[in-house]
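Heads up: the structure comes next, in structure tokens.
The values are calculated or read from the model by the stated rules, or taken from the named source; none is laboratory data. What you see is a predicted model; the values in this text were computed from it and never measured. Heads up, the Cβs are rebuilt from the backbone with ideal geometry, glycines too, and the neighbour counts pull from every protein chain shown.
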Amino acid sequence: MNQINNMDWPERVDMGRPDIGRLDLNLFRVFDTIYRERNLTRAAAILCLSQSAVSHAIGRLRTQLGDPLFVREGQGVLPTPLADRLWPDIQGALALLRQAVHRSQVFEPARDISQITLAMNDELEPSILPLLVRKLRELVPTLRIASVRLDRASLRADLAAGRLDCAIDIAQPVSADLCHTLLLQDEFVVVSSGSANTARPLDIQSYLAAQHVTVSSRRTGRAVEDLGLAKLGLERQVVMRCQHYEAACRVVAASDLLLTLPRRQAEAIHASVKNAILTLPVELPKMELHLYWHRQRETDPANHWLRKQVLAVMTPPRVL
């Protein structure tokens, strides 16, 4: 057996351990094609290269690896023992690269998403999370879902770093690198003890004369509904503050206090706490919930898919 291009390809070059950082990965594709075809002419045709370009490429790899890699045999070539040892790993590495490129072009949720992390306020979870979990796990049964507390101070950093995929929060001013879209609008209602049939009629005078419980994750400051009332020149008597709507509903059930909250939360809790849900006797702006994500994830297929599913659950389908 003779070597290919004896003058250009020395029989053995001892270069020591090759510097992988200097290797041209295209040379491995040439190596793989020659190994499979055992013929330079056919390999050149498959690679859309001239035969001299293929010879030059494999010559560069010979120099890097310090081995002839292929020797002539009749009209073709045969691999050296080192080439035989290298080929399975090179073939596997090239297959992984092709797979990575394919995955970047064809997104499959069941394959490409294993876990998502959403941030929302505690009081939103009972009315939103069950619907989202059911929808997402119908589509990806193995999906792991984490719902975590929303921290507005670190929201931008958490979304940018990928610690959060998306966040659900009331309408808030945000930086230019955060994207958001309206998720839903919800009217405020009033919850009082008793059933709708036995609850006392509620007009604006009785509403303002009553004592109220409010829900907020903050220790101090006005709730959204109080800000709305203040714009109308109205003020109610808030005598209790708590962190969760369900706790507030249970307080209302055992007292004469009133609770003002979005209808979605009131209806979600009504099944377990049979309070009366009454119309708010004053018109306030509807509460808006928005879906937030970082601008650098705008075109990410996984993030786009997640946003689409959240919107499909909460609102009629729309194009993001």
Filtering segment 224-260 down to residues that are under 21 Å from Ser193 (Cβ atoms), acidic (Asp, Glu) and either assigned by TED's automatic domain parsing to the domain that holds Gln172 or part of a helix (DSSP H, G or I) (or both) yields Glu225, Glu246
The strands (runs of 3 or more DSSP E) lying wholly within segment 120-195 that contain at least 3 residues that are surrounded by fewer than 14 Cβ atoms within 10 Å (Cβ to Cβ), in contact with a Pro (Cβ under 7 Å, 6 or more places away or on another chain) and modelled with pLDDT of 95 or more are none
Filtering segment 207-223 down to residues that are buried (at least 19 other Cβ atoms within 10 Å of the Cβ) and either part of a helix (DSSP H, G or I) or outside the structural domain of Ala276 (by TED's automatic domain parsing) (or both) yields Tyr207
Flagged in segment 289-310 as closer than 17 Å to Asp158 by Cα and of a type in the set (Ser, Thr, Tyr), in numbering order, are Tyr292
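Given the options Tyr245, Tyr207, name the one that is of a type in the set (Phe, Trp, Tyr) and touching an Asp or Glu at 6+ places or on another chain (Cβ under 9 Å).
Only one candidate passes the filter, namely Tyr245.
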Taking first residues from segment 30-58 that are free of Cβ contacts under 8 Å to residues at least 40 places away in the same chain and second residues anywhere that are of a type in the set (Gly, Ala, Ser) and buried (at least 16 other Cβ atoms within 10 Å of the Cβ), the pairs with Cβ under 7 Å that are 6 or more apart or on different chains are Val30/Ala57; Thr33/Ala43; Glu37/Ala43; Leu40/Ser55; Ser50/Ala44; Gln51/Ala44; Val54/Ala43; Val54/Ala44
